[in-house]
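Participant: Here you go, one structure.
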Amino acid sequence: MKNITETAKTDDSKELKDDIDSYLEKIYEPDIKKLLYRCYQCVRCSGVCQLSKVQTFEPSRIIQMILEGFEDKIIESGVLWDCLTCNTCLQNCPEGINFADIVRMAKYKMRESYGQNPDDYVAHKGVYTTISEIMSESHINPERSLEWVPKGCEISKQGNIMYYVGCLPYFNFEFENSDSIAESTLKILYQIEKEPIVVLQDEICCGHDLYWGQGKLKEFINLAKRNIKRIEETGVKTIITACAECYRTFKVDYQNIFEDFNKKFVVKHLIDYIYENWKANKIEFKNPSQKEQPIPFTYHDPCRLSRFLPKDSNIIENVREIFSHLKKLGYEFNEMTHNKTDALCCGVSSWMNCNDRSKALRYKRLLEAKDAGEIMVTSCPKCKIHLTCLQNDYEDISSIEIVDFSEFLVNLISIVDSNQKAESEK
């Protein structure tokens, strides 16, 4: 039986490698075992593991068992499907062992070599991951509704700036007002750019959930190839998204496969887009309905924006600089106990494991939010969905208003008058 630490073998008799196989090599780590040998069992990963607080799950023990030849036992237990891939362990590992990435590769091996199917672990009966997988097929061309586009906002099929919506329109069938995030984001972009924003009716999924949750790396590669081809056809130079997972996927994972991706396109999360325009004195923040008493609010850092980005990313601090500035508008920003790179996970990464254990993680997070403010802002649509969903089960946390970053700021942004800007620059 093949070990999950073995590199996938290719047929050397072929003069040309299969296209998919050549890309697979870029997202496979051939020396995983060598990486695991760096583990000296300090057990920090198990100590900080968020999942270990609600079930038996020890990354250090799993690594040790793999190295000692008990791969079969690990695989048969199905325990790797439980991993949140939140990267809290990597954040605290003195050797920089990327356990989440090892789990990602192991999931592919578990499917391909062991025939495992994680259907029992997938939330919402696998509807959303199935939609993503269908879109990876080259003959499938979705035609999504654009009814959510706000009146007064012009969109185009070609241009300079694209708003990559992600799967929000599909979420709206089950989760009420999910497309409010898309509406708010497009309003902000159009208000600032004053020109049509590229929004595609045939847009497809970025592939995040197949990549991290399902172990379907081939389908992910197909989605990436289709996305890049379609985006190239629009002529855009800048891709903006309000989704933490889409941002990480474009910014890091696509680049790992297609080395010129970040040379062709500038990828920005809405946070950095707003921050840059604010710092360039193109926008300012105003509150048309400012109240006498300040409203306390807090911020939930999504895993993909706090522990999954390159070290030179400033998005964690940029969003807080914006929030601190809102105090004069009647909003008082307070940190939760766990924040920034120590933020708690919402518990349902990549639509996996929406169960009692993940609910316990969400409940703890919402208790922290309740202590910090009346409003919880986040910048990941799924975090908003999962945390809001739990409020239906617990009255003591139902009073917290959970909003997306775009929804929170859409009515607070004002364009700086050109004359006013000239005066400020003197």
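The values are calculated or read from the model by the stated rules, or taken from the named source; none is laboratory data. All of these numbers come straight from a predicted model, not from anything done at the bench. Cβ placement follows ideal geometry from the backbone for every residue including glycine, while neighbour counts extend to all protein chains displayed.
Participant: Kindly check whether there is at least one residue in segment 309-317 that is touching a residue at least 40 places away in the same chain (Cβ under 8 Å), of a type in the set (V, I, T) and more than 22 Å from V252 (Cα to Cα).
Facilitator: Within segment 309-317, not a single residue is touching a residue at least 40 places away in the same chain (Cβ under 8 Å), of a type in the set (V, I, T) and more than 22 Å from V252 (Cα to Cα).
Participant: Now for a separate question. Report the residue count in segment 77-95 for those that are of a type outside the set (S, T, Y), assigned to a loop (DSSP other than H, G, I, E, B) and touching a residue at least 40 places away in the same chain (Cβ under 8 Å).
Facilitator: 7
Participant: Show the residue pairs meeting these rules: Cβ distance below 7 Å; 6+ apart or different chains; first residue within segment 329-354 and under 18 Å from L366 (Cβ atoms); second residue crowded, with 19+ Cβ neighbours inside 10 Å and β-branched (V, I, T).
Facilitator: N334/T298; E335/T298; M336/T298; S349/T85; C354/V348
Residues checked against (1) under 30 Å from I283 (Cβ atoms); (2) modelled with pLDDT of 95 or more; (3) under 17 Å from the mean Cα position of the chain (by Cα):
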| site | (1), (2), (3) |
| --- | --- |
| M376 | yes, yes, no |
| K384 | yes, yes, yes |
| L387 | yes, yes, yes |
| D393 | no, no, no |
| V403 | yes, yes, yes |
| V410 | yes, yes, no |
| E423 | yes, no, no |
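Participant: Continuing with this model, one more query. Determine whether segment 18-36 contains at least one residue that is among the charged types (D, E, K, R) and at pLDDT 95 or above.
Facilitator: no
Participant: What number of residues within segment 168-209 satisfy the criterion of being modelled with pLDDT under 95 and either in contact with a Leu (Cβ under 7 Å, 6 or more places away or on another chain) or not polar (S, T, N, Q) (or both)?
Facilitator: 10
Participant: For R357, indicate whether it is modelled with pLDDT of 95 or more and of a type in the set (D, E, K, R).
Facilitator: So R357 does not fit the description; no.
Participant: Scan segment 153-182 and report the pairs whose first residue is on the phi > 0 side of the Ramachandran plot and crowded, with 19+ Cβ neighbours inside 10 Å and whose second residue is hydrophobic (A, V, I, L, M, F, W, C) and in a loop (DSSP other than H, G, I, E, B), with Cβ atoms within less than 6 Å and a gap of 6+ or a chain change.
Facilitator: G166/C243
Participant: Evaluate segment 259-268: report whether one residue or more is basic (K, R), outside any helix (DSSP H, G or I) and closer than 18 Å to C380 by Cβ. Spell out how you get there, then give the answer.
Facilitator: Taking segment 259-268 first, the residues basic (K, R) are 263-264, 268.
Still in the list and also outside any helix (DSSP H, G or I): 268.
Narrowing further to those that are closer than 18 Å to C380 by Cβ: 268.
Yes, that holds for at least one residue.
Participant: Any idea how many residues of segment 283-327 are in contact with a strand residue (DSSP E or B) (Cβ under 7 Å, 6 or more places away or on another chain) and part of a loop (DSSP other than H, G, I, E, B)?
Facilitator: Final tally of qualifying residues: 3.
Participant: Still on this model: Regarding segment 231-246, can at least one residue be identified that is among the charged types (D, E, K, R), buried (at least 24 other Cβ atoms within 10 Å of the Cβ) and outside the structural domain of R304 (by TED's automatic domain parsing)? Lay out the reasoning, then the answer.
Facilitator: Pass one, segment 231-246, residues among the charged types (D, E, K, R): 232-233, 237, 245.
Retained after the next criterion (residues that are buried (at least 24 other Cβ atoms within 10 Å of the Cβ)): 245.
Right, trim to outside the structural domain of R304 (by TED's automatic domain parsing) and you get 245.
Within segment 231-246 (the criterion being among the charged types (D, E, K, R), buried (at least 24 other Cβ atoms within 10 Å of the Cβ) and outside the structural domain of R304 (by TED's automatic domain parsing)), the answer is yes, since at least one residue qualifies.
Participant: Go over the candidates C345, C354 one by one and state the one that is within 17 Å of Q391 (Cα to Cα) and either buried (at least 21 other Cβ atoms within 10 Å of the Cβ) or in contact with a Pro (Cβ under 6 Å, 6 or more places away or on another chain) (or both).
Facilitator: C345
Participant: Answer with yes or no whether S306 is surrounded by 23 or more Cβ atoms within 10 Å (Cβ to Cβ) and either out of contact with any helix residue (DSSP H, G or I) (no Cβ under 7 Å at 6 or more places or on another chain) or not assigned by TED's automatic domain parsing to the domain that holds G96 (or both).
Facilitator: Yes: the conditions hold for S306.
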